[in-house]
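Here, each number is a calculation from the coordinates, and none is a lab measurement. Given the structure is predicted, the values throughout are model-derived calculations rather than measurements.
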């Protein structure tokens with residue numbers, strides 16, 4: 001019986017493996033040079049796109065849902081009453097921590113959704129019709145941050161109003177009137 005090492009040495013000697021490796025490296029270098037030469041002769045065309053995906057994939061409804069969750073969690077936090085007994089304090093702390101985590105997560109999701117709309121969907125041509133577009137989004141993003149670090153019903157309501165304004169602008173750019181509605 002032949003060992004695996006003897007088999008490998010007999011059929012794949014080290015010198016043959018080294019030569020094969022060198023040949024492979026030369027082939028890769030030749031291919032890279034050929035591709036570089038082709039790119040010089042036939043440079044790729046410059047393309048332009050106003051967004052990362054095809055038109056129609058954007059919708060401000062995701063921001064509405066998450067902003068509404070921020071408002072809902074803020075109201076729930078403000079409505080919590082801290083109990084006097086020790087067992088109640090543990091349950092209160094647990095509930096408060098959950099509500100805060102949800103509020104902060106949803107505020108970040110709202111901000112992410114708004115930033116995608118702002119940077120990927122809206123184009124310079126939209127500024128002609130909506131000159132305050134950048135300011136509207138900037139303030140909405142700042143409200144998302146405020147809602148993450150504060151427990152302010154006023155800021156949560158202002159965030160909902162900002163998202164509603166963006167909703168209206170967005171659908172107007174598509175020539176459509178889409179009703180604003182909330183789940184609560």
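Could you check which residue among 67, 14, 141 shows the biggest mean-square fluctuation in a GNM of the chain with a 10 Å Cα cutoff?
14
Pick from 26, 64, 98: which is most flexible by mean-square fluctuation in a GNM of the chain where alpha carbon atoms under 10 Å apart are linked?
26
Working from Cα positions, state the angle (0 to 90°, nearest 10) between the long axis of helix 153-173 and the longest principal axis of the chain.
That helix lies at roughly 60 degrees to the long axis.
Over what distance in Å are the Cα centres of segment 16-41 and segment 64-138 separated?
So the two Cα centres are separated by 54 Å.
Could you work out the relative contact order of segment 124-184, using alpha carbon pairs under 8 angstrom and six or more residues apart, expressed as a whole percent?
In percent, rounded to a whole number, it is 28.
Under a 10 Å cutoff between Cα atoms, tell me which one of 45, 72, 61 has the largest fluctuation in the Gaussian network model of the chain.
Comparing 45, 72, 61 in a Gaussian network model of the chain, the most mobile one is 45.
Relative contact order for segment 97-158: what is it in percent, counting Cα pairs under 8 Å that are at least 6 residues apart?
Relative contact order of segment 97-158: 46 percent.
Figure the gain on full extension for residue 23 and residue 97 (residue separation times 0.36 nm, minus the Cα-Cα span) and round it to one decimal in nm.
Values: separation 74, 0.36 × 74 = 26.64 nm, distance 6.25 nm.
My answer for the length gained is 20.4 nm.
How far is helix 133-149 tilted, in degrees, relative to the longest principal axis of the Cα atoms in the chain, given as a value from 0 to 90 rounded to the nearest 10?
Approximately 80 degrees, to the nearest 10.
What is the chain's relative contact order, in percent, from Cα pairs under 8 angstrom and six or more apart in sequence?
Relative contact order here is 25 percent.
Output the direction-averaged projected area (hull surface divided by four) of the convex hull of the alpha-carbon atoms of the chain, in nm².
Details: hull surface 96.2 nm².
Value for the chain: 24.0 nm².
In degrees, nearest 10, range 0 to 90: what is the angle between the Cα axis of helix 14-41 and the longest Cα principal axis of the chain?
Compared with the principal axis, the helix lies near 60 degrees.
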